[in-house]
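Visitor: Before I ask anything, here is the structure I am working with.
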Amino acid sequence: MRFLRSVSVLLLGSLFVALRAAPAPSVDDRVRDLLSRMTLEEKVGQLVQYSSREDMTGPASDSSLTPQLEKGEVGSMLNVVGAEQTRKWQQIAVEHSRLRIPLLFALDVIHGYRTIFPIPLASASSWDMARIEQAEHIAATEAAAAGIHWTFAPMVDIARDPRWGRIAESAGEDTFLGSAVARARVRGFQGDGTFAGTDRVLACAKHFAAYGAAQAGRDYFTTDVTERQLREVYLPPFRAAKDEGVAAFMAAFNDLDGTPCSANPFLLDQVLRREWGFKGFVVSDWASVTEMRAHGNVTDVRDAALKSFNAGLDMDMENGAFGPHVADLVREGKVSMARLDQAVSAILAAKFRLGLFEDPYRFSDPARQEKLLLHPDHLQAARDLARRSCVLLKNQGDVLPLKTSGLKIALVGPLADAPLDQVGTWHAQVDRKDTVTVRTALQKLYGDNLRYALGCDTRSDDRSGFAAARAAADASDVVIVALGEDVFQSGECTSRTSLDFSGQQIALLEELHHAGKPVVLLVMAGRPQLLDKIEGLADAILVPWHPGTMGGPAIADVLTGAYNPSGKLPLSWPRSVGQIPLFYAHKNSGRPEPKDPKDPYFSHYIDSPNTPQYPFGYGLSYTSFAYDQLRLSTPALPANGTITVTARVRNTGQRAGEEVVQLYVRDRVGSVTRPVRELKGFQKIELAAGEARDVSFQLTSADLSFWRRDMTYGAEPGDFDVFVGADSTATLTASFKLE
């Protein structure tokens, strides 16, 4: 008996050791196992994404989806918001379907969920990657508490045409800056990609690709760029997002080289999967598969489903094509089971990574949602990023900063007390009552010494408010005028042929200028507004863009000097629409503009300078900075070596301030023409008054690489110029040779 007991103990011990030693199945193993048990219809269901029709009232109002959910024929839903609603929909999917496969809930969390941060174009103006990452982490934290698993962000399109409304969602014109912002935003949303906690969401790089190059700045319109331009300008931010581990890509609405991006095998298969090795999944934009009929490259929706799915599109947003047709296409042999399994595997893997099979409700937590939305720490972070995103364009006579006592302030304009307009486009679950406006913030500082008048709205011809606005100006020491765009004048489908302030806003500014008081102009918009003809009407010009929930206090901080502005433009600010597209990294013609033209036969306008109103990278401070002592670690860069570029930066003003030190490079001669200069590095530093610091950058041949004449990628030996300074017109220069 004792022997049998000993044997039993040994056997149990061996079994325990074996069980402990058995590795947990990998995500790939679990995906393969689940795939083996799925029917064709269940597999196709994972490709389907529906938008909720619930109007925030719950699943009962959209019962038409219930049968499909119970059959496991829906993989994802968008526009379901709130912890309670996401739990209800998830319950139907996992408690009534055969395989209990959870749904992915997606939402456009573009610059915040409930706490709204500055629009992406504004946050890019901060040139502060750590705080951009923090903003997206907060957005993910709030969204995840409400049950959202996946955001349709970041948008990483390079945008060089401010007529295009979606420039508001971009990081501007530059590939290097745009790539840095893309990486920061993916990190913010996804963290390290393990999703061990419930404070991260899947990110989605969009719109793949060249959507920002829409002809004439018209949204959804065609693009026509060369492969070299595509690879050098428009694709690098997407590659940066991929390298940072982004979970998903979204195909763009536009066609590229004659093929809509939703069915473009060059983009979705050749570049994304074969060249870059992307393992995630690709979703269409809203109904973009069915809209291929209007493009004219498919005969019907079935043909659109065939071409887009075989090209590499994995999920059909709004399910106009995949759900109705992919199963039949598989049965007919026009779509392979291997291709179907590839798409489904990527989607299932994302659900396993999120831990939804262990707990499908782990992100839908009403108590956590109540605790985290608009958390004081989130509001403070939003305020901090908003003030760092403000760009000071003009400060004649040092009218700014303003004293907080002894001044009578007139605050005028349609953006001064506009809680919804202030947060800007794609504002997720904003509640306008949460927005702290400029008026509210300045009222707190100045009390009865603040006089407010609307003046006019952003669109109409009504001037009935001018008299009250002028009276406020006449009774004040300083006039602050908040002009710009309302919430519906930028973002998706808001292309404009004019970048002038709309309605009677310019006339209002002229009226206030005639009061003879110092005028501070706030440009609160989703894109540049033309200032060339009206710059003289304002003594100071500050661009807060659409600054989000805490924009009012942030602007007040900058106006009063509680924060010294440090924002820099992420785009070239045009003088006129006729200059567009306008960007600093252009190429020279055979007749570039000379410094001292002797005859008219060079590339120029006869009615305007070639230069922008304000250059890329430009932004003033309440202090001043000087650059000198530029030096290189070596006159020649070996092919596999590194060269260090160092410059001395000195704060020559009377107060501490932050400066974005920028490094530009020019390749003098290439096998193909090269840009006049390209951003290759930047550092945001803070210097006390009188303090000086050496700022260094390292360059390798990889930083000098481009798509050569034979369409191979690499650097070419030769001479290079470097420029270090405060913006893209930097004149402090040195040269080196790449061996």
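The values are calculated or read from the model by the stated rules, or taken from the named source; none is laboratory data. Being a predicted model, the structure only gives us computed values, none of them experimental. So basically every Cβ, Gly included, is an ideal-geometry build from the backbone, and we count neighbours across all protein chains shown.
Visitor: List pairs: first in segment 144-162 and more than 30 Å from residue 368 (Cβ to Cβ) and in the same structural domain as residue 206 (by TED's automatic domain parsing), second hydrophobic (A, V, I, L, M, F, W, C) and part of a helix (DSSP H, G or I), Cβ under 7 Å, 6+ apart or cross-chain?
Guide: Every condition considered, the pairs that remain are 158/233; 159/167.
Visitor: I need a count of the residues in segment 326-341 that are hydrophobic (A, V, I, L, M, F, W, C) and assigned to a loop (DSSP other than H, G, I, E, B).
Guide: Summing the residues that are hydrophobic (A, V, I, L, M, F, W, C) and assigned to a loop (DSSP other than H, G, I, E, B) in segment 326-341 gives 1.
Visitor: Does at least one position in segment 154-169 carry a residue that is among the β-branched types (Val, Ile, Thr) and surrounded by fewer than 23 Cβ atoms within 10 Å (Cβ to Cβ)?
Guide: Within segment 154-169, not a single residue is among the β-branched types (Val, Ile, Thr) and surrounded by fewer than 23 Cβ atoms within 10 Å (Cβ to Cβ).
Visitor: Condition first: surrounded by fewer than 20 Cβ atoms within 10 Å (Cβ to Cβ) and closer than 18 Å to residue 677 by Cβ. Now tell me which residues in segment 580-608 satisfy that.
Guide: Of everything in segment 580-608, those that are surrounded by fewer than 20 Cβ atoms within 10 Å (Cβ to Cβ) and closer than 18 Å to residue 677 by Cβ turn out to be 581, 586, 587, 588, 589, 592, 593, 594, 595, 603.
Visitor: Which one is nearest to the chain's Cα centre (by Cα) among residues in segment 538-580 that are among the small types (Gly, Ala, Ser) and on the phi > 0 side of the Ramachandran plot?
Guide: Among those that are among the small types (Gly, Ala, Ser) and on the phi > 0 side of the Ramachandran plot, it is 548.
Visitor: Something else now. Name the one entry in 531, 559 that is within 28 Å of residue 433 (Cβ to Cβ) and in contact (Cβ under 8 Å) with a residue 12 or more places away in the chain.
Guide: Sole residue among the options that is within 28 Å of residue 433 (Cβ to Cβ) and in contact (Cβ under 8 Å) with a residue 12 or more places away in the chain: 559.
Visitor: Would it be correct to say that residue 526 is under 25 Å from residue 624 (Cα atoms) and either at pLDDT 95 or above or crowded, with 23+ Cβ neighbours inside 10 Å (or both)?
Guide: no
Visitor: Only one of these is farther than 18 Å from residue 180 by Cβ and part of a strand (DSSP E or B): 686, 716. Name it.
Guide: Answer to the check: 686.
Visitor: Right, another one. Quick one: residue 66 ticks every box in (1) modelled with pLDDT of 90 or more; (2) hydroxyl-bearing (Ser, Thr, Tyr); (3) in contact with a Leu (Cβ under 9 Å, 6 or more places away or on another chain) bar one, so which box is it?
Guide: Among (1) modelled with pLDDT of 90 or more; (2) hydroxyl-bearing (Ser, Thr, Tyr); (3) in contact with a Leu (Cβ under 9 Å, 6 or more places away or on another chain), the lone unmet condition for residue 66 is (3).
Visitor: List pairs: first residue in segment 462-486 and within 14 Å of residue 516 (Cβ to Cβ) and assigned by TED's automatic domain parsing to the domain that holds residue 513, second residue assigned to a helix (DSSP H, G or I) and not polar (S, T, N, Q) anywhere in the structure, Cβ distance under 6 angstrom, at least six positions apart or on different chains.
Guide: Partner pairs satisfying both residue conditions: 470/511; 473/512; 479/473; 479/512.
Visitor: Can you give me the ranges of the helices (runs of 4 or more DSSP H) entirely in segment 233-325 with at least 2 residues that are among the polar types (S, T, N, Q) and either touching a residue at least 24 places away in the same chain (Cβ under 8 Å) or under 28 Å from residue 678 (Cβ atoms) (or both)?
Guide: 301-311
Visitor: From 319, 254, 297, grab the single residue that is modelled with pLDDT under 95 and of a type outside the set (Phe, Trp, Tyr).
Guide: 319 is the lone residue from the list that is modelled with pLDDT under 95 and of a type outside the set (Phe, Trp, Tyr).
Visitor: For segment 642-662, what are the residues that are among the small types (Gly, Ala, Ser) and touching a strand residue (DSSP E or B) at 6+ places or on another chain (Cβ under 7 Å)?
Guide: Correct list: 647, 656, 657.
Visitor: Would you say residue 130 is in the same structural domain as residue 318 (by TED's automatic domain parsing), among the aliphatic types (A, V, I, L, M) and more than 24 Å from residue 319 (Cα to Cα)?
Guide: So residue 130 passes the test.
Visitor: Moving on. At least 3 residues that are touching a Phe, Trp or Tyr at 6+ places or on another chain (Cβ under 9 Å), more than 30 Å from residue 383 (Cβ to Cβ) and at pLDDT 95 or above in each: list the strands (runs of 3 or more DSSP E) lying fully within segment 558-669 that qualify.
Guide: Per the criteria, 642-651, 657-667.
Visitor: Yes or no: segment 535-544 includes at least one residue that is among the aliphatic types (A, V, I, L, M), closer than 23 Å to residue 450 by Cβ and part of a loop (DSSP other than H, G, I, E, B).
Guide: Yes, segment 535-544 contains a residue that is among the aliphatic types (A, V, I, L, M), closer than 23 Å to residue 450 by Cβ and part of a loop (DSSP other than H, G, I, E, B).
Visitor: So, one more: Pull up segment 279-325, narrow it to residues that are under 27 Å from the mean Cα position of the chain (by Cα) and acidic (Asp, Glu), then point me to the one that is surrounded by the most Cβ atoms within 10 Å (Cβ to Cβ).
Guide: Once the filter is applied, the top-ranked residue is 316.
Visitor: Give me the residue from segment 8-41 that is exposed (fewer than 10 other Cβ atoms within 10 Å of the Cβ) and in a helix (DSSP H, G or I) and, out of that set, modelled with the highest pLDDT.
Guide: 36
Visitor: Considering each of 64, 97 in turn, give the residue that is crowded, with 17+ Cβ neighbours inside 10 Å, farther than 22 Å from residue 373 by Cα and small (Gly, Ala, Ser).
Guide: Answer to the selection: 97.
Visitor: For segment 360-372, name all the residues that are crowded, with 20+ Cβ neighbours inside 10 Å and closer than 18 Å to residue 137 by Cα.
Guide: Those that are crowded, with 20+ Cβ neighbours inside 10 Å and closer than 18 Å to residue 137 by Cα: 363, 364, 369, 372.
Visitor: Would you check if there is a residue in segment 183-199 being under 20 Å from residue 679 (Cα atoms), in contact (Cβ under 8 Å) with a residue 24 or more places away in the chain, among the aromatic types (Phe, Trp, Tyr) and not in a loop (DSSP other than H, G, I, E, B)?
Guide: no
Visitor: Can you confirm whether segment 690-708 contains a residue that is hydrophobic (A, V, I, L, M, F, W, C) and in a loop (DSSP other than H, G, I, E, B)?
Guide: The answer is no, given that none of the residues of segment 690-708 is hydrophobic (A, V, I, L, M, F, W, C) and in a loop (DSSP other than H, G, I, E, B).
Visitor: Would you confirm whether or not segment 184-193 contains a residue that is over 29 Å from residue 658 (Cβ atoms) and out of contact with any strand residue (DSSP E or B) (no Cβ under 6 Å at 6 or more places or on another chain)?
Guide: Yes, the conditions are met somewhere in segment 184-193.
Visitor: Right, something else. Please work out which one of (1) in contact (Cβ under 8 Å) with a residue 40 or more places away in the chain; (2) in contact with an Asp or Glu (Cβ under 6 Å, 6 or more places away or on another chain) is the condition residue 686 fails and give its number.
Guide: (1)
Visitor: State all residues of segment 627-662 that are closer than 20 Å to residue 716 by Cα and buried (at least 16 other Cβ atoms within 10 Å of the Cβ); if no residue qualifies, say none.
Guide: Selection gives 632, 637, 643, 645.
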